[in-house]
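Here's the structure, in structure tokens; my notes come after.
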Amino acid sequence: MNTPRPTTSAGSRPARLAVGVVGAGRVGPALAAALQLAGHRPVAASGVSDASRRRAAALLPEVPLVDPARVLAMSDLVLLTVPDDALPDLVRGLAETGAVRPGQLVVHTSGRHGVAVLDPARRAGGLPLAIHPAMTFTGTAVDVQRLAGCPFGVTAPEELRLAAEALVVEMGGEPEWIPEEVRPLYHAALAIGSNHLVTLVAQARDLLTAAGVQNPGRMLGPLLGAALDNALRSGDDALTGPVARGDAGTVAAHITELRRHAPQTVASYLAMARATADRALANGTLKAEAAEALLGVLADGGPADGGTA
């Protein structure tokens with residue numbers, strides 16, 4: 001394998017790189033902009049949709065939009081920031097057409113994939129890195145600021161670990177090394193914590209609006225902030241509420257009201273309540289004697305006696 005370009009200098013700073021972006025979605029332009037702040041030079045990006053073009057224009061002004069092959073031809077480091085399912089075909093196509101150059105850093109930002117997906121590029125002489133920022137992106141300049149202290153899930157060949165670490169640090173992030181074989185598990189954990197959280201919060205907002213609350217966000221903010229902080233600090237010991245207490249009647253009332261006003265939320269309520277009950281039972285928060293009626297309500301999807309609450 002060729003020696004990677006971003007070797008450290010006497011000042012312990014990686015060599016300056018020409019950076020290209022294939023896939024100007026929410027992630028790629030922000031990472032390239034962060035690398036620019038560190039002294040690297042964004043030189044090209046590819047994007048098809050109007051939204052991609054707007055993002056590139058806002059975050060990478062004066063950087064030309066060209067086709068992916070041209071991006072690679074202009075770049076020392078190329079960021080492949082396309083959807084997970086599109087990544088294997090993209091890498092294979094770029095390698096088969098000779099777009100990948102020996103010694104070129106080929107970096108993807110998929111959470112699911114490690115470096116194996118970059119094998120076609122590696123066989124062409126590319127230097128493969130998997131660098132996944134554990135952050136939700138908006139596609140705006142605020143993302144660049146949020147990268148400060150952001151953990152990155154990093155997978156790299158042993159000989160490229162220093163190069164991967166240097167890039168993450170220069171973007172303001174903190175590398176967390178993820179073995180190749182557990183990348184899907186790592187990504188599932190983040191999806192549960194982030195993507196599902198958005199769905200739950202959006203459902204809570206909708207229900208408060210239906211209940212006549214004028215500013216659902218203001219009501220939820222302190223509660224959810226405290227719950228998140230407690231959960232991160234204490235794990236299952238932070239469980240509170242009617243499920244953790246075994247208040248079967250209250251849970252039954254919730255289900256009745258959800259069926260009446262927001263039936264589309266019943267399935268997720270039941271699924272999360274069952275998962276909460278399991279965890280509360282396991283750590284002793286929910287006592288076995290209080291759990292029987294609760295679990296009966298959750299199994300039936302309604303009041304334990306079949307009536308209304």
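The values are calculated or read from the model by the stated rules, or taken from the named source; none is laboratory data. Fair warning: this is a prediction, and the values are worked out from it, not measured in the lab. Please note: Cβ atoms are built from the backbone with ideal geometry, for glycine as well, and neighbour counts cover all protein chains shown.
Observations on the structure shown:
- Members of region 7-26 found to be modelled with pLDDT under 95 and within 26 Å of the chain's Cα centre (by Cα), listed by number: 23, 24, 25, 26
- Selection from region 120-166 of residues that are among the acidic types (Asp, Glu) and without any contact (Cβ under 8 Å) to a residue 24 or more places away in the chain: 158, 165
- Verdict on residue 249 being more than 28 Å from residue 111 (Cβ to Cβ) and in contact (Cβ under 8 Å) with a residue 60 or more places away in the chain: yes
- Here the condition is being surrounded by fewer than 21 Cβ atoms within 10 Å (Cβ to Cβ) and in the same structural domain as residue 133 (by TED's automatic domain parsing); of 49, 75, it holds for 49 alone.
- For region 178-217, a tally of residues being in a loop (DSSP other than H, G, I, E, B) and either modelled with pLDDT under 95 or under 30 Å from residue 156 (Cα atoms) (or both) returns 2.
- Within region 248-273, the set of residues being under 21 Å from residue 236 (Cα atoms), among the small types (Gly, Ala, Ser) and surrounded by 15 or more Cβ atoms within 10 Å (Cβ to Cβ) comprises 248, 273.
- Annotation note: of 57, 34, the sole residue that is in contact with an Asp or Glu (Cβ under 8 Å, 6 or more places away or on another chain), assigned by TED's automatic domain parsing to the domain that holds residue 131 and either at pLDDT 95 or above or assigned to a helix (DSSP H, G or I) (or both) is 34.
- You will find that of 199, 138, the residue that is surrounded by fewer than 16 Cβ atoms within 10 Å (Cβ to Cβ), assigned by TED's automatic domain parsing to the domain that holds residue 79 and more than 23 Å from residue 77 (Cα to Cα) is 138 and no other.
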